[in-house]
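Below you'll find the structure, written out as structure tokens, and then a few comments.
The values are calculated or read from the model by the stated rules, or taken from the named source; none is laboratory data. What you see is a predicted model; the values in this text were computed from it and never measured. A quick note on method: Cβ atoms are made from the backbone with ideal geometry, for glycine too, and the neighbour counts reach across all protein chains shown. Ligands, DNA and RNA are stripped out before the accessible areas are found, and what is left, the full protein with its side chains, is counted by its heavy atoms. Shrake-Rupley method; radii C 1.70, N 1.55, O 1.52, S 1.80 Å.
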Amino acid sequence: MNNGTALIAGAHGVIGRNLIAELKAQGGWNIIGLSRRGGADAEKVRHIAVDLLDPDDTRRKLAPLTAVTHVFYAAYQERGSWAELVAPNVAMLTHLLDGIEAAAPGLRHVSLMQGYKVYGAHLGPFKTPARETDPPPMPPEFNVDQQRLLETRQQGKAWSWSALRPSVVGGVALGNPMNLAVAIAVYASMSKELGLPLRFPGKPGAYDKLIEMTDSGLLARATIWAAREAGAANQAFNINNGDLFRWNDMWPKLARFFDMEAAPPMPLQLSSVMADKEPLWNAMVEKYGLAKTPYKDVSSWPFADFVFSWDYDFFADGGKARRFGFHDYVDSEEMFLRLFADLRRQRIIP
């Protein structure tokens with residue numbers, strides 16, 4: 001069965017890696033990964049290095065990709081402020097659309113990866129559960145601008161779009177700035193090495209608030225479902241595991257995985273207190289025979305600080321996706337423990 005040719009922008013991120021894995025597992029897809037650094041081609045997957053911020057480089061690299069039928073857009077550029085995020089992230093999507101529309105006459109679908117920023121969740125307390133019909137926050141917000149760009153470009157075209165809105169994504173991709181599971185695993189492993197209990201490092205008010213996660217595998221399945229389901233065309237969907245938890249209940253369970261005691265919370269700015277820990281990390285790599293992973297590639301501390309600062313409920317209504325036909329569910333505790341076990345199998349952590 002030939003499902004088409006999938007183009008994944010952001011191929012090396014948590015989301016992109018799992019999309020590629022799921023497309024391979026489903027079979028019948030020709031897969032092309034886009035990223036700034038490219039990569040070695042593997043079975044069923046071709047990698048292309050492209051600078052999506054450069055319109056000429058983008059058009060030149062995409063021009064030969066005439067067979068592309070589905071675009072999965074998960075590329076992201078980090079900047080120092082919410083306002084500064086808008087220009088580069090909207091420009092990258094614009095350049096990709098300019099290039100692929102010109103190159104691929106058989107384009108059927110463009111999938112956009114968003115998040116709860118469309119509800120203002122990153123700014124402070126927001127209406128929960130958030131629903132796809134909720135109004136956006138005061139600009140600037142690049143997720144909202146990207147969706148408006150897609151809606152405008154799609155008018156009168158043969159292709160459709162979808163927008164996927166996950167919560168915090170649980171997955172493994174080293175060197176990624178938004179990787180909570182890796183941050184927790186490395187923080188726990190280093191705490192244990194120092195003879196410390198596992199302390200929740202976030203704001204005191206964050207410890208007992210409701211939060212949810214989105215497993216990266218579940219997100220991949222939902223993304224491909226939305227791209228292929230005719231009834232889901234031109235729609236946005238919240239995608240989450242389907243359960244809620246509080247850190248005060250989850251944290252002791254995570255500590256048990258590492259054979260650690262969970263001590264009372266202690267507010268820490270991980271991006272500060274972990275800044276001097278590279279020598280400790282290197283010593284642990286040697287002591288336990290771990291994979292030679294640079295400390296910077298496991299240091300998602302700013303993102304962990306961000307998540308652990310949410311002293312308000314953080315969840316959305318996932319009912320729309322279920323009403324449209326996507327029914328997958330993942331237990332969040334099981335997800336964390338599975339990811340930690342994967343990191344251990346890969347010799348990333350002891």
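With springs only between Cα atoms under 10 Å, which of LYS320, LYS287, LYS24 fluctuates most in a Gaussian network model of the chain?
Checking each option, the largest mean-square fluctuation is seen for LYS287.
Of the heavy-atom accessible surface of region 1-40 (probe 1.4 angstrom), what whole percent is carbon and sulfur?
Its accessible area is 46 percent carbon and sulfur atoms.
Dividing the alpha-carbon radius of gyration of region 104-154 by 2.2 N^0.38 Å (N being the number of residues), what value is obtained?
1.34
Alpha carbon centre of region 167-202 versus region 1-72: separation in Å?
Spelled out, the Cα-based centre of one part sits 29 Å from the other.
Could you state the accessible area per residue of the chain in Å², with a 1.4 Å probe and every protein chain left in place?
42
Could you sort the peptides 144-153, 14-23 by per-residue average Cβ neighbour count (10 Å cutoff), highest mean leading?
Sorting 144-153, 14-23 by mean packing, highest first, produces 14-23, 144-153.
Using alpha carbons only, how many degrees (0 to 90, rounded to 10) separate the axis of helix 180-193 from the longest principal axis of the chain?
The angle comes out at about 20 degrees.
Ignoring ligands, DNA and RNA, please state the percent of accessible area on region 214-327 from carbon and sulfur, probe 1.4 Å.
After summing per-atom areas, the C and S share lands at 52 percent.
Give the relative contact order (percent, whole number) for region 141-287; include only Cα pairs under 8 Å separated by 6+ residues.
With pairs under 8 Å counted, the relative contact order is 31 percent.
Helix-derived [θ] at 222 nm for the chain: sum -39500 (n - 2.57) over DSSP H runs of at least 4, divide by residue count, nearest 500?
Value at 222 nm, helices only, nearest 500: -12000 deg cm²/dmol.
On a 0 to 90 degree scale, rounded to 10, what angle separates helix 278-288 from the longest Cα axis of the chain?
80
For the chain, what's the relative contact order in percent, using C-alpha pairs closer than 8 Å and at least 6 residues apart?
18
In percent, how large is the relative contact order of region 158-230, given Cα pairs closer than 8 Å and 6 or more residues apart?
43 percent.
On C-alpha positions alone, give me the angle between the axis of helix 247-257 and the longest principal axis of the chain, in degrees, nearest 10.
Roughly 80 degrees, rounded to the nearest 10.
Mind putting together the pair-distance distribution for the chain? All Cα pairs, 20 Å bins, whole percent per bin, short to long.
30, 58, 12, 0
State the Kirkwood hydrodynamic radius of region 1-68 in Å, one decimal place, computed from all pairs of distinct Cα atoms.
12.2
Counting only protein heavy atoms, what percent of the accessible surface of region 110-161 is carbon or sulfur at a 1.4 Å probe?
Ligands and nucleic acids excluded, carbon and sulfur give 56 percent.
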